[in-house]
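K.L.:
The structure's right below; bear with me while I get my questions together.
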């Protein structure tokens with residue numbers, strides 16, 4: 001066939017496409033964090049962990065309704081990435097979003113009160129677990145439809161370029177969303193127009209109950225940008241140092257006007273997809289092994305201890321402080337009033353500006 | 001046998017055009033495929049090729065002639081065995097002159113059907129109903145004749161001059177100047193930063209537009225037609241319409257989705273559908289579907305300024321129609337306000353967009369039969385201006401709705417439900433709906449005609465509710 005003849009001799013390697021590649025550091029392990037940075041990462045990750053544990057308990061008590069997707073196990077991803085961006089850079093994600101909100105600095109009280117559907121919640125109780133926003137913290141949601149946040153995040157990046165404000169948008173999505181068509185529509189436009197967007201794929205290995213291998217023809221999701229000429233790399237998403245280092249590289253790439261960048265975070269969620277998922281599609285041993293050997297928080301705790309930066313007591317003190325913050329949030333989420341009945345009719349449309 | 005060269009159609013909806021230029025003169029020999037002329041509409045310019053070989057025997061329509069009907073003989077070729085001088089057209093030769101463009105809406109200063117009743121009879125297809133001026137346009141305003149297409153373009157250009165945040169994106173909006181030439185000239189004035197050609201990727205660019213709007217820009221997203229917006233439905237409904245509510249009022253989404261909607265001509269079911277009621281169903285959206293150029297301009301400007309997501313449903317068949325447009329520096333109309341186009345005592349007709357054409361045509365006939373019809377153009381479908389409809393029904397006690405979408409769960413169904421709830425005691429007859437037949441749009445010309453609503457059906461429905 002003519003088409004075959006034109007593709008060259010069999011066995012001859014195809015000419016390599018000029019791949020854009022950022023300069024990468026040698027394999028001497030991730031760039032270490034300073035003592036203060038480690039400590040901050042520890043606090044931030046622990047807050048997410050404890051917050052999610054509390055949310056799980058409250059769900060069990062019937063205080064939180066509907067769908068509730070916990071972030072436990074994936075904390076290093078958002079905390080590491082948050083350490084790679086500057087104020088003003090935007091964050092947008094899907095429905096497993098509590099960790100992202102806390103990492104951007106949103107008030108745990110407001111987040112928890114949204115989970116309980118109270119007027120003190122970020123969306124006055126009208127959005128729930130999957131739909132919260134904070135313009136102040138540049139957090140653009142919180143989106144419930146798998147993959148829909150990817151074009152939206154690309155649009156935030158479009159606005160950055162339009163305004164020439166030098167800002168970058170972190171657009172998070174999971175290994176499940178990575179199979180949505182709109183992701184590739186977005187990749188195409190982002191590279192075509194050189195938009196400052198980092199696509200952070202949180203590969204926690206299961207899209208609901210379907211493993212990556214059972215859903216993806218190409219399981220290396222970092223390669224999903226190859227045909228668009230978008231650079232991508234796989235990152236140890238359980239190591240906050242590795243995440244931050246890769247994040248900095250990606251953000252710098254975007255800020256330099258070189259277009260989008262893909263980071264595939266190899267991570268793991270300890271809990272089921274949502275509260276109603278017993279996670280029978282994977283072995284208990286698999287989860288236990290991850291917890292025992294790769295826990296993102298434990299890794300930092302051990303390093304802090306090893307370096308003798310902190311004593312056992314110091315760490316216990318931090319744990320206590322975090323617990324107090326979470327308890328206060330849980331308290332607020334139960335004492336905050338339900339939204340007034342009149343709120344049913346508000347916020348459907350904005351009033352027209354005069 | 002002489003060979004007739006006919007005025008060609010550039011698009012399924014073209015009815016007439018300008019014969020811009022002849023590239024041949026009498027006596028020239030032409031081969032099949034030779035470019036012999038150029039024709040022009042307000043949308044595009046195209047070359048006319050000879051379909052046969054022969055010698056140009058007569059130029060029937062001079063260059064520069066406007067409003068030449070499709071399929072009119074524009075030249076004659078002599079075949080090989082004929083003498084050029086033997087070939088003569090029967091039609092009188094058309095001199096280059098500006099013919100009076102047919103008006104679909106009788107504007108200021110035009111004669112009414114009553115004043116020229118005889119003429120109206122002869123031109124039954126040309127509606128001759130006197131239309132009330134829009135009370136939202138200041139009295140004494142001058143008007144200029146413009147096509148809907150030009151009015152939409154001017155609306156976008158004016159808003160882009162006014163607000164740096166406004167930009168247009170979509171397929172073929174920039175270099176091609178719009179698949180339907182609505183964005184003509186915008187690239188030249190505003191550059192490719194603000195007039196953005198997208199790949200064919202509706203789901204993606206609709207979502208990208210929504211994201212840009214959430215970041216505070218004011219995107220105008222053009223869908224080549226709303227048929228393709230179904231690919232983007234999730235972003236329009238779930239992302240654009242619902243985010244304000246789900247964020248407790250924190251997030252805004254000031255975006256306009258616009259493009260042609262509704263049945264076009266001879267393009268079959270996938271390219272010929274009216275989505276009015278699909279969008280009108282959704283809380284969090286504003287839905288506008290204008291008929292006239294004046295309303296198209298005034299409402300598109302309002303839509304671009306509005307802080308909410310707006311679905312702006314245009315109509316391909318109306319793009320080339322001319323209307324009187326107010327000559328104002330800033331012609332902005334209120335969203336959510338229907339317009340009484342003509343007052344009447346006997347029956348209320350409610351319609352929107354291209355549905356109005358059937359109504360006007362029917363009304364010319366109904367007036368002759370002594371029925372005094374009130375015509376309401378809804379203009380905005382969400383929020384629906386029920387006050388105007390109810391006030392009218394309380395006066396006329398009879399209602400017929402006309403639309404190009406299917407009747408099931410259509411705009412007419414919604415209006416009928418509201419009217420029976422709010423004005424039950426005022427009704428002297430059941431409410432009737434004229435709509436597209438409950439089938440996908442067929443391609444065949446005769447079946448398509450049967451599927452669409454028609455002036456005859458409007459006449460019939462009006463007579464039925466008047467028990468005539």
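Coordinate-derived values only; no laboratory data. It should be emphasised that the depicted structure is a prediction, and the values quoted were computed from it without experimental measurement. Cβ: placed from backbone, ideal geometry, glycine included. Neighbour counts: every protein chain shown.
K.L.:
Which FRET efficiency, nearest 0.05, do residue B:329 and residue B:40 yield, Cβ-Cβ r, R0 25 Å?
P.N.:
That pair, residue B:329 with residue B:40, gives E of 0.25.
K.L.:
If you don't mind, there's one more thing I want to ask. Report the far tail of the P(r) of chain A, meaning the percent of Cα-Cα pairs longer than 36 Å.
P.N.:
23 percent
K.L.:
Taking only Cα atoms of the protein assembly as shown, what ratio of Rg to Rh do you get with Rh as the Kirkwood inverse-distance radius?
P.N.:
Taking Rh as the inverse mean 1/r over Cα pairs, Rg/Rh reads 1.06.
K.L.:
Using only alpha carbon pairs under 8 Å that are at least six residues apart, calculate the relative contact order of chain A and give it in whole percent.
P.N.:
The value is 22 percent.
K.L.:
Pick from A:198, A:212, A:226 the residue whose mean-square fluctuation is largest in a GNM of chain A, springs joining Cα atoms under 10 Å.
P.N.:
Result: A:226 has the largest fluctuation of those listed.
K.L.:
Okay, moving on. Starting from the Kirkwood radius over alpha-carbon pairs of segment B:387-468, derive D by Stokes-Einstein at 10 °C in a medium of 1.306 mPa s and give it in µm² s⁻¹.
P.N.:
118 µm²/s
K.L.:
Continuing with this model, one more query. So what's the gap between the Cα centers of segment A:230-253 and segment B:265-301, to the nearest angstrom?
P.N.:
With segment A:230-253 and segment B:265-301 each reduced to a Cα centre, they are spaced 46 Å.
K.L.:
Determine the calculated [θ] at 222 nm for chain B from helices alone, applying -39500 (n - 2.57) to every DSSP H run no shorter than 4 residues and normalising by the residue count; nearest 500 deg cm²/dmol.
P.N.:
Here the helix-only value at 222 nm equals -7500 deg cm²/dmol.
K.L.:
How many Å³ per residue does the convex hull of the Cα positions in segment B:143-326 occupy?
P.N.:
Dividing the Cα hull volume of segment B:143-326 by its residues yields 104 Å³.
K.L.:
Given the Cα-Cα distance of residue B:25 and residue B:162 and 0.36 nm per residue of separation, how much length would full extension add, in nm?
P.N.:
Result for the pair: 44.4 nm of gain on full extension.
K.L.:
Counting only DSSP beta bridges with both residues in chain A, what percent are antiparallel, rounded to the nearest 5?
P.N.:
Counting only bridges with both partners in chain A, antiparallel ones make up about 10 percent.
K.L.:
Is there a simple number for the mean count of other chain Cβ atoms within 10 Å of the Cβ of residues in A:123-132, and what is it?
P.N.:
4
K.L.:
Of all DSSP beta bridges in the protein assembly as shown, what percent run antiparallel (nearest 5)?
P.N.:
40 percent
K.L.:
Please compute the Cα-Cα pair-distance distribution of segment A:74-197 with 10 Å bins starting at 0, giving whole percents from short to long.
P.N.:
14, 44, 34, 8, 0
K.L.:
A further question on this structure: What value, in deg cm²/dmol to 500, does the helix sum -39500 (n - 2.57) over DSSP H runs of n ≥ 4 give at 222 nm once divided by the residues of chain A?
P.N.:
-13000 deg cm²/dmol, from helical runs alone.
K.L.:
In cubic angstrom, how much convex hull volume per residue do the alpha carbon atoms of chain B span?
P.N.:
So the per-residue hull volume is 158 Å³.
K.L.:
Taking Cα atoms, how many degrees apart are the long axis of helix B:355-368 and the longest axis of chain B, rounded to 10 and kept between 0 and 90?
P.N.:
So the inclination is approximately 80 degrees.
K.L.:
Using only Cα atoms, find the angle between the long axis of helix B:411-423 and the longest principal axis of chain B, and express it within 0 to 90 degrees, rounded to the nearest 10.
P.N.:
40 degrees
K.L.:
Okay, next question. Neighbouring Cβ atoms within 10 Å as the yardstick, rank B:245, B:279 fewest first.
P.N.:
B:245, B:279
K.L.:
Arrange A:336, B:11 by Cβ neighbour counts within 10 Å, fewest through most, would you?
P.N.:
Ascending Cβ contact count within 10 Å gives the list B:11, A:336.
K.L.:
Moving to a separate point now. Pick out which of A:80, A:181, A:88 has the largest mean-square fluctuation in a Gaussian network model of chain A, springs linking Cα atoms closer than 10 Å.
P.N.:
Its mean-square fluctuation being the largest, the pick is A:181.
K.L.:
Related question: Relative contact order for chain B: what percent, with Cα pairs under 8 Å and sequence separation of 6 or more?
P.N.:
12 percent
K.L.:
Right, next: Hey, with R₀ at 30 Å, roughly what FRET efficiency would residue B:443 and residue B:4 work out to, going by the Cβ-Cβ distance, to 0.05?
P.N.:
Taking R0 as 30 Å, the efficiency between residue B:443 and residue B:4 is 0.65.
K.L.:
To continue, here is another question. Any idea how far apart residue B:70 and residue B:176 come out in nm if each label point goes 7 Å out from Cα toward Cβ?
P.N.:
The two pseudo-label positions are separated by 1.9 nm.
K.L.:
Grab the beta carbon distance between residue A:35 and residue A:328, set R0 = 25 Å, and tell me the FRET efficiency rounded to 0.05.
P.N.:
Once the sixth-power term is evaluated, E becomes 0.35.
K.L.:
Just to be sure I understand: of the beta bridges DSSP finds with both ends in chain B, what percent are antiparallel, rounded to 5?
P.N.:
The antiparallel proportion sits near 50 percent.
K.L.:
Be a star and scan segment A:91-115 for residues whose amide nitrogen sits under 17 Å from the point 7 Å along the Cα-to-Cβ vector of residue A:335.
P.N.:
Only A:108-114 pass the distance filter.
K.L.:
Please report the Cα spread of segment B:3-86 along all three principal axes, rounded to whole Å, starting with the longest.
P.N.:
Principal extents (Cα only, largest first): 38, 21, 18 Å.
K.L.:
Given a cut-off of under 8 Å on Cα pairs at least six residues apart, what relative contact order in percent is computed for segment A:51-123?
P.N.:
30 percent
K.L.:
Tell me, B:360, B:76 in order of fewest to most beta-carbon neighbours within 10 Å?
P.N.:
B:76, B:360
K.L.:
State, to one decimal in nm, how far the label point of residue A:213 lies from the label point of residue A:233, with both points 7 Å from Cα in the Cβ direction.
P.N.:
Between residue A:213 and residue A:233, the label points sit 2.7 nm apart.
K.L.:
Another question, if that's okay. With each label point set 7 Å from Cα along the Cα-Cβ vector, what nm distance links residue B:418 and residue B:266?
P.N.:
For the pair residue B:418/residue B:266, the computed spacing is 3.8 nm.
K.L.:
So what's the angle, to the nearest 10 degrees on a 0 to 90 scale, between helix B:293-305 and the longest Cα principal axis of chain B?
P.N.:
Approximately 50 degrees, to the nearest 10.
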